[in-house]
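Beneath this line is the structure, given in structure tokens, with notes to follow.
Laboratory data are not the source of any read-out in this text; all were calculated from the coordinates shown. Source: prediction; values computed, not measured. Every residue, glycine as well, gets a Cβ built from its backbone with ideal geometry; the counts of neighbours run over all protein chains shown.
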């Protein structure tokens, strides 16, 4: 509801997945939701990755800010 | 043609799609091309998203700068 | 409604008012809404001001990004 | 006391209020102090807002970094 | 007149010219003034250029923010 | 007068006030004008604050760049 | 092995692909590994693209910093 | 192990020490490790300090982002 | 002489000239050297300009940081 | 040709010239083209300069990113 | 005393020393305190250095912002 | 010699050392000088580090830009 007084908190998490950028984002959220309720939105801050011995990406590392509403 | 005098304009649009980052980019362009001719290139400025009640991404929101040439 | 495909546009406007920062923001919005429907949110980019001959602020100049949904 | 060894932590919170920027800051602090002791200072990171159907601001959203000293 | 309530809008344009940076700026303005009245000031955001086959600059591309007052 | 050759200088000052952001800006200017003539404009760089023992803001600290014209 | 003295170098490469962001990243790495051994990680700096005459993306251009260890 | 799905969290802490920059970093980590397991890496965000009455540094204040792996 | 202990100070000045960017830089330096000895180097921070009623640049405003060595 | 897979590399060079900003850019390119083929575009990152004993600019130093296509 | 109205000024100085980063900071402060009273805090903006003919650091150059309270 | 036409190149290297920040910088330079002549100056871009199992720093990782003059 817009217009009511409320407070959100933002935390930074890095999701890691071999499958791609969207999978790394979902990985991060799947972990965050275990300890935090009411996840609301995320912002991608950095997209990094590790390169395997064969010279291809072997994991995507996506740094997110994740926001959630603090309960009363 | 490089070397001729010309002018481009850049606008900011946010494409929203449930399917992923590339789909959100295409969504933004499909709308922009209805009012602007000669779209030339885009630059991703921000990748945000909304998180559904089940804690997964329910939409990607990609902020683009889109450039197009101004006609004479 | 989250999850549906849509597109927003962002424009930059500077509201100017002698009364303060919030008044300059409202000034900018009052003008923007005359030509654009469905204003959705704003982001303050810069807070500047002009200083009068008596050395006090004689106007606040607040640069906003204002977002609105493009209609189908 | 300057010169003694100590550690601070910084968290990010977003205070939301209809009344203005300072009110949104106080809203954020009023919530943060319920779980954290010894709040020390804050830094405004972003000033955003939502625009109502009448085209005026219906809430200010102020993103703060808030610092507090970790106890021994 | 400082102190009166008013609103400016900022747009982004890229002027392209073979002759140099100032010429690219003037090129951008010469186009912008055809559709917008009361151009007021500009800010250089980026200076880029294209390099010809002989390895010299064959065009300067200067990205400007251009501000103009919105009329009542 | 636009178009004449001139030089401005910019300095950084931090105004501190318990009353709010605009009051902190005016505080900074009231001090700056004692040593500098022809203050022209200001730009807000940072909005910080100190939090009192009761968890509310006990001072706003606003960092400004202030510009003034150098006299001949 | 953490703790041993070593030196990495970072270079900037832009991978271009029609298929999407991850494909453009892999394209850049496939080229970089031809001249450099021991590619270690990458950081996405920019995601740009070119828009075709039909108004859809006809190539993604992803600017990466790629790091690799300098051999003794 | 690269390639496995995992999630890191990043927090911000400020270590304070009279002895120097590296000592302030170690101070921050010594505190962080009391509540968090598996600290993995840090990034220096800011190096500030307080100046004593004799005009020399009487404490270094180093703002770190510290990352650690979230356990399953 | 590299290797000896010394201190520089940096100030911000804005040179204004109708003639172009380099002329505005020289304008700023010609003023700065009247009060400061041993100007050493400059860094361009911003290139702005004012647009005349005919829609062309009527002055360039170049913000410089200028560094000079403090004498013993 | 847009749409084909390819890779560009970006390097950083600083061109130095007494004559002005454009001359410093051309100086940098004239050197870069001796070792690299297919220079494609450049981006100005910084404009610095050294000030002579008479208080005027005695060299412009322009930091460029220069991009070129890697050959197959 | 927090809560009282006051004004700080910030200046930029570069301390140079062969001995290291902390020594360069102290060098800058030792000079600044000769002309300014009540130095309060500093912020490191840049850490640069010059490299000698033997390829090792022959001086550290640390750019600081230094803040001090303006007296009534 | 200031005022003569010349070109510098900048590269990015990361020096790693257990001993501290200055040692990591020297480590980077000791490696860079093996392949490049006339190293001229460096700029610290990032200070990161790895944390050992005991929760203390087990290596500093300092990202430098290193500049050197291109020979004729």
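What to note about this one:
- Each helix, a run of at least 4 DSSP H residues, gives -39500 (n - 2.57); summed and divided by the residues of the protein assembly as shown, these come to -6500 deg cm²/dmol at 222 nm.
- Rounded Å value of the spacing that divides the Cα centres of chain E and segment F:1-32: 28
- The mean number of Cβ atoms from other chains found within 10 Å of a Cβ in peptide F:24-34 is 5, as a whole number.
- Computed on the Cα trace of segment J:8-69, the radius of gyration divided by the Kirkwood hydrodynamic radius gives Rg/Rh = 1.05.
- The modelled label-to-label distance for the pair residue I:56/residue A:35, using points 7 Å beyond Cα in the direction of Cβ, is 6.4 nm.
- Averaged over the residues of peptide F:13-20, the number of Cβ atoms from other protein chains lying within 10 Å of each residue's Cβ is 6.
- GNM top mover of E:53, E:45, E:26 - chain E, alpha-carbon springs below 10 Å: E:53
- Chain B, relative contact order in percent, only Cα pairs under 8 angstrom and at least six apart counted: 44
- The alpha-carbon positions of the protein assembly as shown define a convex hull whose volume is 163 Å³ per residue.
- In degrees, nearest ten, helix F:21-35 long axis to first principal axis of chain F (Cα): 40
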